[in-house]
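The values are calculated or read from the model by the stated rules, or taken from the named source; none is laboratory data. Remember, it's a predicted structure, so these values are computed and weren't measured experimentally. Note: ideal-geometry Cβ built from the backbone for every residue, glycine included; neighbour counts use all protein chains shown.
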Ligand SMILES: Cc1cc2nc3c(=O)[nH]c(=O)nc-3n(C[C@H](O)[C@H](O)[C@H](O)COP(=O)(O)O)c2cc1C
């Protein structure tokens, strides 16, 4: 059975990592998309994004139906927003009842909150086996280091 990398990325940082992992382990990849648009600039981006996390929003996903039966291992990637995972990931978790999967978590962040984000993700995904988790500090700004870290992490996980 195969592996799937599934992620949400607002500014492209998590996307960069997701694509690297996909290439390293030769997985399928799905970027979660929503019909909801968040403001992309300045303060309002943080305000609306943070507010939607705090209020537990689950924006509607516009992706085609995903057949998770094809995958034993799922890599879930998210930016850290307000010390948590992003609303589209919340939508994904609520829409698909993940059970009995091997799950590895990765996150992009600006300096703090990744540990809390992972703890919340694990609490939201009971009944699965967590094989690894790792955080990347602003990958687009630290791309060389981030990409080699992602490559090594994904390679090591193949033997877990
Ligand atoms: C609404 C919002 C909230 C954020 N909250 C946090 C946070 O709590 N901790 C942190 O380290 N970074 C925070 N960030 C920064 C992002 O996690 C970071 O820039 C990440 O690399 C963005 O990933 P992306 O380009 O895939 O969207 C926040 C960014 C936004 C837009």
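Is there a residue being at pLDDT below 95, in a strand (DSSP E or B) and in contact with a helix residue (DSSP H, G or I) (Cβ under 9 Å, 6 or more places away or on another chain) anywhere in region 2-20?
Yes, region 2-20 has at least one match.
Could you list, in sequence order, the residues of region 66-97 that are under 15 Å from the mean Cα position of the chain (by Cα) and more than 23 Å from residue 55 (Cβ to Cβ)?
73, 74, 75, listed by residue number.
Could you please let me know if residue 127 is more than 15 Å from the ligand (Cβ to nearest atom), within 25 Å of residue 1 (Cα to Cα), at pLDDT 95 or above and exposed (fewer than 14 other Cβ atoms within 10 Å of the Cβ)?
yes
Of all residues in region 132-160, which are in contact (Cβ under 8 Å) with a residue 40 or more places away in the chain, surrounded by 15 or more Cβ atoms within 10 Å (Cβ to Cβ) and under 20 Å from residue 71 (Cα atoms)?
Residues satisfying the conditions are 153, 154, 157.
Suppose we keep only residues that are closer than 20 Å to residue 72 by Cβ and either in a helix (DSSP H, G or I) or touching a strand residue (DSSP E or B) at 6+ places or on another chain (Cβ under 8 Å) (or both) within region 135-160. Which one would you say is farthest from the ligand (Cβ to nearest atom)?
160
Looking at 21, 29, 17, 6, which one is within 16 Å of the ligand (Cβ to nearest atom), under 24 Å from residue 128 (Cα atoms), free of Cβ contacts under 8 Å to residues at least 40 places away in the same chain and touching a strand residue (DSSP E or B) at 6+ places or on another chain (Cβ under 6 Å)?
Exactly one of 21, 29, 17, 6 is within 16 Å of the ligand (Cβ to nearest atom), under 24 Å from residue 128 (Cα atoms), free of Cβ contacts under 8 Å to residues at least 40 places away in the same chain and touching a strand residue (DSSP E or B) at 6+ places or on another chain (Cβ under 6 Å), namely 29.
Do you know which residues across region 38-61 are more than 18 Å from the chain's Cα centre (by Cα) and assigned to a loop (DSSP other than H, G, I, E, B)?
39, 40, 41, 55
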